[in-house]
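J.: Please see the structure below; I have some questions.
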Amino acid sequence: MPKLTALIHAHDDALRIARAVESLRACDEILVIDHLSNDNTADIAHQHGAKIKQAVPGVNPGVYAIDAAHDWILCVLPGEAASESLEASLFEWKHDKLEEGATCFAVAVREESDAGWRDLGPQVRLVNRKQINWPGELPPSNATCPALEGHILRFRTP
């Protein structure tokens, strides 16, 4: 059964990091990279079970995948949360290793707005770090990645 690390890059996200971390129960490790926060982002994330690593200025965010304990990385932003259906899909994926041989998986993203929720479409969020490198917080798009059921929910900034 593959193990899964969630990777979250955070900066002054004390008001929203707890929801992100709590939604990642399907992950075997939650790694929060704290980019010099001036609030208690790191403390709150740690209280909710995340492992904290302090970012080094000038290092590309994607490089921190090497600090993950597991090869499969789920990339989440601090203002996002996994839906219950995505959580179920992740547990199923871990148990059945869906799409054997795949190097990445896409997840549909829904964003909260004043007018309600809007679909942003699928984004590559689950990747095998031994197969894909990326410079930013999120992996690059890839039309060949199969999609997982469920959504990542992106909430408005408080």
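The values are calculated or read from the model by the stated rules, or taken from the named source; none is laboratory data. Every value quoted in this text rests on a predicted model; they were computed, and no experiment measured them. No Cβ is skipped: glycine too gets one built from the backbone with ideal geometry, and neighbour counts run over all protein chains shown. Please note that ligands, DNA and RNA were not included when accessible areas were found on the heavy atoms of the full protein model with its side chains. Shrake-Rupley method; radii C 1.70, N 1.55, O 1.52, S 1.80 Å.
J.: Inside segment 66-76, can you point out the residues that are assigned to a loop (DSSP other than H, G, I, E, B) and open to solvent by 40 Å² or more (accessible area, probe 1.4 Å)?
T.: Across segment 66-76, the qualifying residues are Ala69, Asp71.
J.: If you don't mind, another one. Does Gly136 satisfy the condition of being within 23 Å of Ile17 (Cα to Cα), in a loop (DSSP other than H, G, I, E, B) and of a type in the set (Gly, Ala, Ser)?
T.: Spelling it out, Gly136 is indeed within 23 Å of Ile17 (Cα to Cα), in a loop (DSSP other than H, G, I, E, B) and of a type in the set (Gly, Ala, Ser).
J.: Pairs needed: first member in segment 41-59, in contact (Cβ under 8 Å) with a residue 24 or more places away in the chain; second member anywhere, assigned to a helix (DSSP H, G or I) and open to solvent by 70 Å² or more (accessible area, probe 1.4 Å); C-beta distance under 6 Å; at least 6 residues apart or different chains.
T.: His48/Glu22
J.: Something else: Within segment 122-132, which residues are within 21 Å of Pro78 (Cβ to Cβ) and either open to solvent by 100 Å² or more (accessible area, probe 1.4 Å) or not charged (D, E, K, R) (or both)?
T.: Of everything in segment 122-132, those that are within 21 Å of Pro78 (Cβ to Cβ) and either open to solvent by 100 Å² or more (accessible area, probe 1.4 Å) or not charged (D, E, K, R) (or both) turn out to be Pro122, Gln123, Val124, Leu126, Val127.
J.: Given the options Val56, Val63, name the one that is part of a loop (DSSP other than H, G, I, E, B) and open to solvent by 70 Å² or more (accessible area, probe 1.4 Å).
T.: Result: Val56 is the single residue among Val56, Val63 that is part of a loop (DSSP other than H, G, I, E, B) and open to solvent by 70 Å² or more (accessible area, probe 1.4 Å).
J.: Which pairs have Cβ atoms under 8 Å, sit 6 or more apart or on different chains, and link a residue in segment 108-129 that is in contact (Cβ under 8 Å) with a residue 12 or more places away in the chain and among the β-branched types (Val, Ile, Thr) to one that is part of a strand (DSSP E or B) and open to solvent by 70 Å² or more (accessible area, probe 1.4 Å)?
T.: These pairs meet every condition: Val109/Asp119; Val109/Pro122.
J.: Let me ask another. Quick check, is Phe91 loosely packed, with under 15 Cβ neighbours inside 10 Å and not charged (D, E, K, R)?
T.: The answer is yes for Phe91.
J.: Hey, could you check segment 18-44 for residues that are under 21 Å from Leu86 (Cα atoms), outside any loop (DSSP other than H, G, I, E, B) and in contact with a strand residue (DSSP E or B) (Cβ under 6 Å, 6 or more places away or on another chain) and say which is most open to solvent (accessible area, probe 1.4 Å)?
T.: It comes out as Arg19.
J.: Sort through Pro140, Pro135 and tell me the only one that's within 14 Å of the chain's Cα centre (by Cα), open to solvent by 50 Å² or more (accessible area, probe 1.4 Å) and either more than 15 Å from Ala6 (Cβ to Cβ) or without any contact (Cβ under 8 Å) to a residue 12 or more places away in the chain (or both).
T.: Only one candidate passes the filter, namely Pro140.
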